[in-house]
Each structure stands twice: as C-alpha cells, then as structure tokens.
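The values are calculated or read from the model by the stated rules, or taken from the named source; none is laboratory data. The structure displayed is predicted, hence computed values, not measured ones. Cβ placement follows ideal geometry from the backbone for every residue including glycine, while neighbour counts extend to all protein chains displayed. These accessible areas exclude ligands, DNA and RNA; they are computed on the full protein's heavy atoms, side chains included. Shrake-Rupley method; radii C 1.70, N 1.55, O 1.52, S 1.80 Å.
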Amino acid sequence: MNTHDHAHAPAPASVLQTEVLVVGSGPTGLALAIDLARRGVGALVVERAGALFPGSRGKGLQPRTLEVLDDLGVHDAIRAAGGSYPVGVIWQDGARTGEHRMFDAAVPTEGAPYAEPWMVPQWRTQEILAARLAELGGEIAFGREVAGIEQDAEGVTAAFVSGPPVRARYAVAADGGRSTVRRALGIGMTGETVDPSPMLVADVRVEGLDRDHLHVFPPAEGGGYLAIWPLAGTDEFQVVAGFPEGAEPDLSLDGIRKVVGARSHLAPGDVTEVRWASDFRPRAAMADRFRDGRVFLAGDSAHVHSPAGGQGLNTSVQDAYNLGWKLAAVLSGEARASLLDSYEEERLPVAAEMLGLSTRIHRGEARRGEATRQLGIGYRASALAVETRDGLAEEALQAGDRAPDGVRGGLRLFDAFRGTHWTLLTVGAGPDVPLDPSALPGLADVRPVRIPSYEAYGDGVFLIRPDGYVGWAGTTAEGLAAYAAGIGG
C-alpha cells in the first residue's frame, strides 16, 4: 500500500494509513483509485466481497465515458474487450417480425471522436480497471467490510468487521446503493420506485440464438418481457426478464430455463449454464448531499438509476473523474481545501439530470439519443467556470463546457489534454506574446499549447481543467492569473 504519513496525526502501529480510503471496488472506486495513483496519491481500495463483482449489469459505456477511459489509459483495452450494440430482432411465435434499434444513430465528429456506446460486461470493465490500478502500484484489499466510520479535523478512521482500522486524510464511499458508509454518516436518500415490478438479469450460456442481434420477445398474453443480449467479447448472453409486481424471480438454472422456455421459442434446455444472476426493482434515488466533512459519496452510493438509460455506471465513473484531480490538488498543497466544495456543486445537478433521463427512458417518455451520450454535460454554473467573453451564443463553447477534440497544426487536442495537468490553450491569433504558465500561481502543472483558428473553440485563450472541461475562457489572458490564484494553495 502506498502510504504518506507526513500529513497524519500519529496512530498506533496496528492502524493502516493512507491518504485516501476508497470503499468499494466497482467502476467508480477503481476509476478514482487510478486517477489518484497516476497523480502519486496513496489510495487504498477496500471491498467487502472476496473478489471483483462477477456480473454484467452495467454493460454500456457512453461516449463521454470512453473519453475518460482514454485519459485513464485503458481505452485500447476496453475497445479490444467489447463491441458495438447490435440491432434488435423482435420475435413472435418463433418468427422474426421486426427490428429494434436501442440507440439513435450517431457518427463521430472531429470534436467528438467516440459517437456511440460501447458494450463491455461490467465484470470485464472492472478487470481492466483493476489491472491498470495494479500497473500504477495500487491495490485492492478484499474481504474488508466497513463497520463504522469516524472523522475529525485531520482525517477519517474506518473500522472493519475484521482486520485493522484504516486512517486516511479523506474517504470516498463508492460502495453502492446500499452504501454502509452513507448510512453510517446519516445521509438520507430521496427517490422513488420507478417500476414496482421486479427484473431479473443473468449471465448465461444459450444455444439456438445468433450473436449478431439483440433478441427481444414481447410479452404474450399473461406473460412478461424477455430480452437476450449477446455480451460482446464473450461467449455468453445476458438475459433480462420482467415479472409482475410481488413476484419473486427464481435465480436458479431451472428457474431461468423456465422463464426462457415459456417466453421464447427456445427450449428450456437451450440455457446450458448460469454464470451469475440477480433481481432488482428499478429505482431512482439520490443522496441528500454528496459530502460530509472529509467523506465524499460517489457512484451508486450517491445516486441509483434505472438501468434503462445506460446512465448509472457512466455517471458514476464521471463522479470519480471529477473528484480525483481535486483531491490530489488539495492533498499536494497545490489547491485550497475549498476546491473540494466544487465536487457536490458540479456533480449533484448532473446526477439529478441523469436520474430524470433514466426514469423517462424506462417509462418510454424519452429515447436513447444525444443526451444519453453525456457529451453535452458541463458545469457552466460552477464557481470554477469563469467566462470573460461577452455576447456568446448559447451553443458556443463556454467556460464549464467539455473541451472538444480536434487536430490543428499537426496536434491532436486530446493528446495534449491527456494526463494529470492543466492545459493553457491559445487558439488563433490570441496574444502576441506566448503565455507563460509560470505566471499562473497555484497551478503546479500547466502545459501551454497554441493552435491555429478552430471553429469549435473560436479564437481566444482557454484554460482546460485536468478533467477536460474549460475552466476559464477569454479573448486575452487578462484575469487568468487571478483565476489561478483563486484555486491555488
């Protein structure tokens, strides 16, 4: 475990110490730990289970999440492990009666090179993230169930059902919708049951279906919904089945065989193996706040979505991406502790928006289109977004928006942004004298980049945050030093 004791109060030798304690080894916790590790921050991931989550539940990675994973160094592995979403085939009485497209079509653009969702089973995404974390020297402690958490002015102490306590400067609850940490903090969760009818989801092996399509079996008289997805990059399928309110789905091999046999043209025996199965009631709920002192909530511990919109895992990974650079900047002394206030300020409204979208999609009130790709999410209302240009159109790039990709002057912008630094981007004519990043007090690592005019930006000066959003924008650099000083320690 990476440890940095200089900032801790003395503790008994039996207490493990780290800078950030991450509770939960799902995509949220792993993405956060990767972001911290690549910044040299000691982080320990603890997981109550004995191994990584074994199922496929969150299988769709949206375009904005693919950009995040590119920056975290796992995009190539994610691409190799998955595939695009197949066209759905609608079956009736053993015959194909139509087609169904899950997502509105989209094409890559220069500013947004990833256009459509990429299917990777959640267990495989987590394996890739865990391998990246190990490359960076991080670790996961399995079999470590949090029993309680206390905090003081200097840090957080977590107690466990077994094993020694852990002392950290900060802690992040990434331990899911039933978060032990959130409950220990007394943070309420407000929401609704999106659908009282239980759903079954299972990873199975099935014979008799092609792997080029999603197979949809609409409800027959008195029956329930059934869909069977080929899981990209595997030889398995994901079964999703709906049940009437009050039912208790049977998760056994025999139970799943009965459902498939009753609702499709397949024979029960065509389901040859069940690798993982779960049932749930679709909910939409959000924590009343995302922070309590030195403890932050991220992912499902902060917001629980219906899976219909493919937003839950993606919103969760982007929580981690928003929080990681801020924690690292404060821990290093680069930034004031007040920077951490911007995490809830920025992410809580986004989570609320995505929850609403997921619920509307579940109820058939919205399509899986531009909004679900999450490229339009931004933080214009944030205290970290300072726009000094006047008269901009609403659709123009502004401070708080995602910084687009593009190639100008032989340079790809995503290559320039990739990493742990800020980017000082001058576009077009800009100031006559190249900007000197050393004139920005409080920002330890700023890389200057100058490109010819690019319509996606417009001419001017842009300070790009470490998470790829425009922090400050102006026609000239006037006022930029003051912005940097406001963040710096």
Where the chain is the region considered: accessible area per residue in Å², 1.4 Å probe: 40
Long-range amide H partners of Gln17 with built H, under 5 Å: Arg167
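Which order do the peptides 465-476, 41-52 come out in when sorted by mean C-beta neighbours inside 10 angstrom, highest first?
Highest-to-lowest ranking by the protection proxy: 465-476, 41-52.
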Thr109/Ser162 FRET efficiency (R0 51 Å; Cβ-Cβ; nearest 0.05): 0.50
Extended-chain gain in nm, criterion 0.36 nm per residue less alpha-carbon gap, Arg389 and Arg275: 35.5 nm
Spin-label model distance (nm) - Asp288 vs Gln92, 7 Å beyond Cα toward Cβ: 5.0
All-pairs Cα distance distribution in segment 234-339, expressed in whole percent, bin size 5 Å: 2, 9, 15, 14, 13, 11, 10, 8, 6, 5, 4, 2, 1
Helix 341-362 vs. the chain, principal-axis angle (Cα, 0 to 90°, nearest 10): 30
Carbon and sulfur %, accessible surface of the chain computed with the full protein complex present, 1.4 Å: 50
Phi-based couplings in Hz for segment 261-278 (Karplus 6.51, -1.76, 1.60; Gly and Pro marked x): x, 6, 10, 9, 7, 6, 7, x, x, 5, 7, 9, 7, 10, 8, 6, 8, 8
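Sorting check: for 209-221, 259-271, which peptide has the highest mean count of neighbouring beta carbons within 10 Å, and how do the rest follow?
259-271, 209-221
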Residues in segment 316-350 that a label on Thr190 would reach, taking backbone N under 19 Å of a point 7 Å out along Cα→Cβ: 344-350
